[in-house]
Amino acid sequence: MGDKASAHPGAAGRAATADHPSSVRNVVLVGHSGSGKTTLVEALALTAGAVNRAGRVEDGGTVSDYDEIEHRQQRSVQLSLVPVEWAGCKINILDTPGYADFVGELRAGLRAADAALFVVSASDGVDGATRMVWDECAAVGMPRAIVITHLEAARADFAEMTRVCAEAFGGDDPDAVLPLYLPLHGPEGPDGHAPVTGLIGLLSQRVFDYASGERKEAEPAPEQLPLVEEARNRLIEGIIAESEDETLMDRYLGGEEIDVKTLVDDLERAVARGTFHPVLAAAPAAEGARQGIGTVELLELVTGGFPTPLERTAPDVTTPQGSARPTPVCAPDGPLVAEVIKTSSDPYVGRVSLVRVFSGTLHPDETVHVSGHGMTDRGHEDHDVDERIGALSSPFGKQQRTLSSCIAGDIACVAKLTRAETGDTLSGKDDPLLMAPWAMPDPLLPLAIQAHSKADEDKLSQGLSRLVAEDPTMRLEQNPHTHQLVLWCLGEAHKDVALERLRTRYGVQVDVVPHKVSLRETFGDTATGRGRHVKQSGGHGQYAICEIEVEPLPAGSGIEFVDKVVGGAVPRQFIPSVEKGVRAQAAKGVAAGYPLVDVRITLLDGKAHSVDSSDAAFQTAGALALREAAADTRIHLLEPVAELQVLVPDDYVGPVMSDLSGRRGRVVGTEQAGPGRTLVRAEVPEIEIGRYAVDLRSVSHGTGRFDRSYARHEPMPPQLADKIRESLEKTS
C-alpha cells in the first residue's frame with residue numbers, strides 16, 4: 001500500500017475468475033448521490049485493464065451500463081457488480097446507489113461484501129445518511145476505508161476533508177481515521193487552481209506521479225519531505241497504537257526507526273480487523289491517461305488490507321422449518337449455501353439472479369433448493385421449491401462472461417431461476433437451508449394504481465409480481481377496505497422507477513390515482529328509524545315494515561344487532577333478514593359511503609303480510625330503516641390514527657415534533673435511542689402522513705426514519721369531515 005511494487009493488472013477482455021476464497025475480495029462502495037462512486041468504479045476497472053480509455057468494455061457498453069433508467073435519470077438506481085483482477089485477486093466491486101430511496105440496493109451490497117469503501121466528495125463533505133451507514137458497519141465490525149474524490153474541484157481541500165472524516169467517522173478515536181497518502185499539486189492554472197497530479201506515500205515517502213498518464217514512482221524532492229513529516233508521524237503512531245506487538249510503541253518512542261514492512265503489515269491487519277480506517281485520495285485521469293490518480297493505491301489497499309471471505313462469519317442458517325443449523329464455513333467443498341442478493345429481468349434471458357456463495361460451489365445446470373422468507377404480506381409469492389439453475393456468468397458491462405463454477409466467497413450471475421427472489425437462499429436439494437434475512441426498510445409511501453386499459457389489466461398482475469420479486473423494499477397491497485391496489489415505495493424516486501419499469505420492462509401502463517384512507521362512520525347520538533317497503537305490482541307484492549333504534553357504542557365494538565320484537569310483529573323467520581339488510585347497508589355507509597361501525601341496532605317493532613312479506617322485502621326494509629335513522633342524527637366520520645416511532649438525531653427532535661404537531665399529531669413520549677439519537681413516539685391521523693416518508697427526509701436532512709402501525713379509528717374534526725362530505729357531493 002504505497003510501498004509495494006506496482007501490481008500487474010488482470011488480463012483485459014476476459015471474465016475475472018477465482019480458484020480459492022483467499023483470492024477473492026468483495027468490496028461495496030458507499031456514499032451519497034453525486035459523490036463519484038460510479039466514476040471511481042470505471043476508473044478502477046480502467047486501471048485494472050478491464051476497459052479501454054473511453055470507459056467501454058471490450059465488447060461494447062460501459063462498466064455501469066446496466067439500466068436505461070439510470071441513463072435517463074442520470075443517477076444510479078440499482079446495485080451493480082464490476083469484477084476486476086489485480087495482483088492475483090478477483091475483486092468484486094459492488095457499486096450502490098447513493099440516493100436514499102434505493103437504500104434496499106445499498107443493504108444488498110453490504111450483505112454481499114466483506115468490506116466497505118466510503119466515497120466522500122471533497123466538495124460536498126459527509127452527509128448524515130452516510131454517517132448512519134458507517135455506524136451500521138461499525139456495529140457488525142465490517143472493515144472500512146475512505147476515499148476522497150472530486151479533488152479537481154476548485155475549492156477542494158484534502159487536509160480539511162480528512163479532518164471532517166476523522167470527526168464524522170472516528171468517534172472516540174480520531175487517530176483511527178488517517179490518510180495514507182497526500183495529494184501533490186501541479187502548477188496553478190489561469191484560474192488560480194493547482195490540479196492534483198500525483199500522490200506521496202506517507203509510509204514509503206515515495207512520489208507516485210500520474211501527470212504523464214501512467215503511474216510513475218520517483219524519489220521526493222527535498223522540499224516535499226518536510227510537508228509530509230507531521231502527517232507521517234501521526235500515521236505511524238496510529239498504526240503502532242493498533243499493533244498487536246505491545247513493544248512497538250516503546251521502541252518507536254525510544255527513537256528506533258520502525259521498518260516500513262512492519263508498519264505495512266500491522267496496518268493491513270488493523271484494516272482487516274476493522275479497527276483502523278485509512279483515508280485515500282482519487283482524482284480523474286488526465287486526458288488520454290490509462291490510470292486515474294489514486295486507483296493503483298486503492299487496488300493495493302483492497303487486495304492487501306481488506307479481508308478475504310475466509311475471514312468473514314457467514315449469517316446464521318436454519319432449516320426452512322426453523323431448526324438451527326451450524327453456521328456455514330467458507331469452503332468450496334462444503335455444503336452449498338448461497339443467497340440471492342439481487343434479482344433483475346433481462347429481455348433475452350429472462351430473470352437473472354446475482355448470487356453470493358457463502359459455502360460450497362455452485363455449478364451450471366445443477367438442481368438446488370430455493371427457500372424464501374414467505375413475505376406474502378409484501379405481495380411476494382411464498383415458495384420453498386427445487387429449481388434447476390441455468391448458466392453462470394460474470395457481468396462485463398452489458399455482456400455476460402460464462403463461468404464454469406462459482407466457489408465459496410465469490411459472486412456470480414445465475415440464469416433461469418424462475419421462482420427465486422431477492423433474499424432467497426440456495427442450498428442443496430437434499431439439505432434445504434434458510435439464511436437469516438438482512439434488515440430491509442419498510443416502504444411507507446403509498447402509490448395507488450390502476451390499469452390504464454383492458455390490455456394493461458391483463459398484464460398488470462404479472463408485471464407487479466415481477467417487480468416485487470426484484471425489489472424486497474416494495475410492498476404490494478390489495479386494500480380490502482378501499483378496494484385499491486397500492487404499491488408501497490420508499491420515496492418519490494423509488495416510485496418513479498417502479499412506474500417506469502412497469503411501462504418499459506413489462507409493457508404495462510398504469511394510472512396513478514389518489515390514495516384513499518379507510519375512513520368509517522358512526523352515530524353521534526341515539527336515533528330511531530322506520531323502514532317501510534310496501535309495493536303491489538300484480539302477483540305477489542312486497543310488504544315489510546320494521547322499526548329500529550341505533551345507539552353509539554365504544555370504539556372497536558363493531559356492529560351489534562339486538563332483537564326486542566314482542567308479540568310476533570315481525571315473524572321469527574324474517575328477523576335474520578332485517579339483520580342482513582341493516583348489516584349490508586352498514587357496510588355501504590349511511591352518510592359519506594364509508595362503512596358504519598360501533599353501533600347497536602335494536603329491532604323494536606314491525607309489520608308483516610301473510611302473503612307479500614319475504615326475506616328480500618325485510619332486507620330492504622332494514623336498510624331503509626337504518627338510512628332514516630342516520631338522517632335524523634349527526635354522523636361522525638372516523639379516521640384511522642397511526643402510532644409513529646420516529647428515530648432522529650437529537651439536533652432534529654424540535655423540528656420533527658413541530659412538524660408532527662402541524663399534522664394534528666400528539667407526541668406521547670420521547671426517549672434516548674443510543675448516543676445522539678432520540679425516538680419520538682406520536683399518534684397522527686393517517687390522512688396526514690401519506691407523504692411523511694418524503695417529508696421526514698426533508699425535515700431531518702435524510703437522517704430520520706420511522707415506523708408506523710395502526711392504533712385505532714377516532715372522530716375526525718367536524719370541519720374536516722364537512723369538507724370530505726362536500727367533495728363527495730360535488731363528484732357524485
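The values are calculated or read from the model by the stated rules, or taken from the named source; none is laboratory data. This is a predicted model, so every value here is computed, not measured. For neighbour counting, all protein chains shown are included, and Cβ atoms are generated from backbone atoms with ideal geometry for every residue, glycine included. Areas reflect the complete protein model, heavy atoms only, side chains present, ligands, DNA and RNA absent. Shrake-Rupley method; radii C 1.70, N 1.55, O 1.52, S 1.80 Å.
Residues that are part of a strand (DSSP E or B), modelled with pLDDT under 90 and open to solvent by 30 Å² or more (accessible area, probe 1.4 Å) occur at least once in the stretch 321-344. Looking only at residues in the stretch 345-366 that are open to solvent by 20 Å² or more (accessible area, probe 1.4 Å) and among the hydroxyl-bearing types (S, T, Y), the one that is modelled with the lowest pLDDT is Y348.
Tallying residues that are open to solvent by less than 70 Å² (accessible area, probe 1.4 Å) and under 18 Å from R131 (Cα atoms) within the stretch 654-678 yields 5.
Residue-wise test of (1) under 21 Å from V147 (Cβ atoms); (2) open to solvent by less than 60 Å² (accessible area, probe 1.4 Å).
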position	(1), (2)
G189	no, yes
P220	no, yes
G238	yes, yes
E246	no, no
E257	no, no
T262	no, yes
R269	yes, no
R273	yes, no
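Counting residues in the stretch 701-716 that are among the β-branched types (V, I, T) and modelled with pLDDT under 95 gives one or more. Annotation note: Cβ proximity below 8 Å between a residue of the stretch 78-97 that is over 21 Å from Q400 (Cβ atoms) and a residue that is open to solvent by 10 Å² or more (accessible area, probe 1.4 Å) and part of a strand (DSSP E or B) (sequence gap 6+ or interchain) occurs for W86/P9; C89/R25. Tell me which residues, restricted to the stretch 467-495, are open to solvent by 40 Å² or more (accessible area, probe 1.4 Å) and over 20 Å from T343 (Cβ atoms). Passing the criteria: E477, Q478, P480, H481, H483, E492. Among the residues making up the stretch 465-495, a single one is over 27 Å from Y594 (Cβ atoms) and without any contact (Cβ under 8 Å) to a residue 60 or more places away in the chain: L467. Within the stretch 322-344, the set of residues being within 27 Å of the chain's Cα centre (by Cα) and more than 25 Å from D19 (Cβ to Cβ) comprises G322, T343, S344. The number of residues in the stretch 125-163 being over 20 Å from the mean Cα position of the chain (by Cα), surrounded by 16 or more Cβ atoms within 10 Å (Cβ to Cβ) and assigned to a helix (DSSP H, G or I) comes to 3.
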